[in-house]
Amino acid sequence: METPAQEAFDALVDPTRRAILELLAAHEELTVSEIVADIDSVGRTAISSHLRILRKSGLVTERREGRFRYLSLHSAGPVVDALAFLQGLLATGIPSTDQSMASPGKHRADSGDATADAQSA
């Protein structure tokens, strides 16, 4: 059985689902039709499938009003678990972005890989 964080990560793998999430992040709430109109890389049926996965993973919530379905981000759902996992990784061993960008060859030099350094020179 997958944990909520695993389901969130699985849902985030697809670039179309990430685009849907970015779109929802920019708006409080959107209808399915509004999402379909904005994401033109796939059709309505594919968008519906992606939305089903996002709802199942708990990243998106749905509110029905009449014949319309309104979708919004579920910021208190499994994304919190996924974020906590990533923050734990960052806190325990991944060099900060500033350090890795400031000296991109530092990791090779620290590992003693003189061959890689000589080839890149």
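Given the conditions (1) modelled with pLDDT of 95 or more; (2) in contact with a Lys or Arg (Cβ under 6 Å, 6 or more places away or on another chain); (3) part of a helix (DSSP H, G or I), report the number of the one that Ala116 does not fulfil.
The failed condition is (1).
Could you check the range 52-78 and list, in sequence order, the residues that are within 14 Å of the chain's Cα centre (by Cα) and hydrophobic (A, V, I, L, M, F, W, C)?
Ile53, Leu54, Leu59, Val60, Leu73
Is it the case that Ala25 is under 20 Å from Val80 (Cα atoms), surrounded by fewer than 13 Cβ atoms within 10 Å (Cβ to Cβ) and out of contact with any helix residue (DSSP H, G or I) (no Cβ under 9 Å at 6 or more places or on another chain)?
Yes, satisfied.
Yes or no, residue by residue, for (1) modelled with pLDDT of 90 or more; (2) among the acidic types (Asp, Glu); (3) touching a helix residue (DSSP H, G or I) at 6+ places or on another chain (Cβ under 6 Å):
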| position | (1), (2), (3) |
| --- | --- |
| Asp38 | yes, yes, yes |
| Leu54 | yes, no, yes |
| Thr61 | yes, no, no |
| Ser96 | no, no, no |
| Ser100 | no, no, no |
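Taking the stated definitions as given, is Val42 on the phi < 0 side of the Ramachandran plot and either open to solvent by less than 80 Å² (accessible area, probe 1.4 Å) or in contact with a Gly (Cβ under 6 Å, 6 or more places away or on another chain) (or both)?
Yes, satisfied.
Counting only residues that are touching a Leu at 6+ places or on another chain (Cβ under 9 Å) and hydroxyl-bearing (Ser, Thr, Tyr), which one in the range 45-74 is least open to solvent (accessible area, probe 1.4 Å)?
Ser57
The values are calculated or read from the model by the stated rules, or taken from the named source; none is laboratory data. The model shown is predicted, which means the values in this text are computed figures rather than measured ones. FYI the Cβ positions are ideal-geometry reconstructions off the backbone, even for glycines, and counts take in every protein chain you see. Side chains included, ligands, DNA and RNA excluded: accessible areas come from the protein's heavy atoms. Shrake-Rupley method; radii C 1.70, N 1.55, O 1.52, S 1.80 Å.
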